[in-house]
Amino acid sequence: MTSNGTGALNGRSLREIVAGALTLAVLGGLFAFSYTVDSRVNNGYSLEASFTSVDGIAENAPVWLSGMKIGTVSKMRLDPEYMQAVLTFRIDDGVKLPEDSSVAVVSQGLLGGKYVMISPGGAPEMMKDGDSFQYVQNSVIIENLLQQIVQMAERRAVERKQQSGAASTEPAAPAAPKQ
């Protein structure tokens with residue numbers, strides 16, 4: 001080692017090179033893992049549903065049946081002819097859905113995200129790859145629902161105020177005769 005400290009600098013440089021190489025290896029591994037982590041992306045079968053509103057849904061949103069995740073939203077597109085949102089779902093191979101099953105866009109809570117919920121039907125025939133749901137329930141927009149509640153409360157308040165004002169302006173009923 002020389003008096004100017006170049007020996008320490010070389011050891012430090014070697015550590016930095018090793019740390020950088022390990023970082024790149026880990027990032028490469030995570031990148032490879034991200035493409036193989038969810039086997040459902042390539043497995044399963046596709047189903048479609050057309051909605052007038054899918055507010056709050058995004059690709060990769062979960063698809064649930066009886067409280068169990070059975071797939072994901074794999075694609076979203078707009079049908080230009082009918083001006084409807086068309087969602088494509090990737091459903092796990094082991095899950096068979098009756099043809100008369102219904103699908104709905106549902107909120108996880110007042111402030112939560114949205115997901116797709118499937119309610120199974122009772123038909124003996126099962127849906128196949130590429131089939132479409134006939135029964136759909138559109139997304140409920142929470143803001144619109146809250147606005148309706150506020151408007152209903154305001155109307156009730158106005159009605160009560162009018163009723164109490166009308167009651168105070170009516171003449172008092174004559175007293176009953178004494179006996």
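Any read-out appearing in this document is the output of simple, stated calculations on the displayed coordinates, not a laboratory observation. This is a predicted model, so every value here is computed, not measured. Don't worry about glycine lacking a Cβ; one is built from the backbone with ideal geometry, like all the others, and counts go over all protein chains shown.
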Once both label points are put 7 Å beyond Cα along the C-beta direction, the SER119-ALA32 separation in nm becomes 4.7 nm
Rounded to 0.05, the calculated FRET efficiency for the beta carbons of MET76 and GLN147 at R₀ = 35 Å is 0.85
Extend 7 Å from the Cα of ASP129 along its Cα-to-C-beta direction; within the stretch 89-108, residues with backbone N under 19 Å of that point are 89-99
Proxy exposure order for VAL18, VAL73 (fewest C-beta within 10 Å first) is VAL18, VAL73
If the chain between ASP100 and SER50 were fully extended at 0.36 nm per residue, the gain over the current Cα-Cα distance would be 16.5 nm
Taking 0.36 nm per residue of separation between GLN162 and GLN137 and subtracting their Cα-Cα distance, the length gained on full extension comes to 5.1 nm
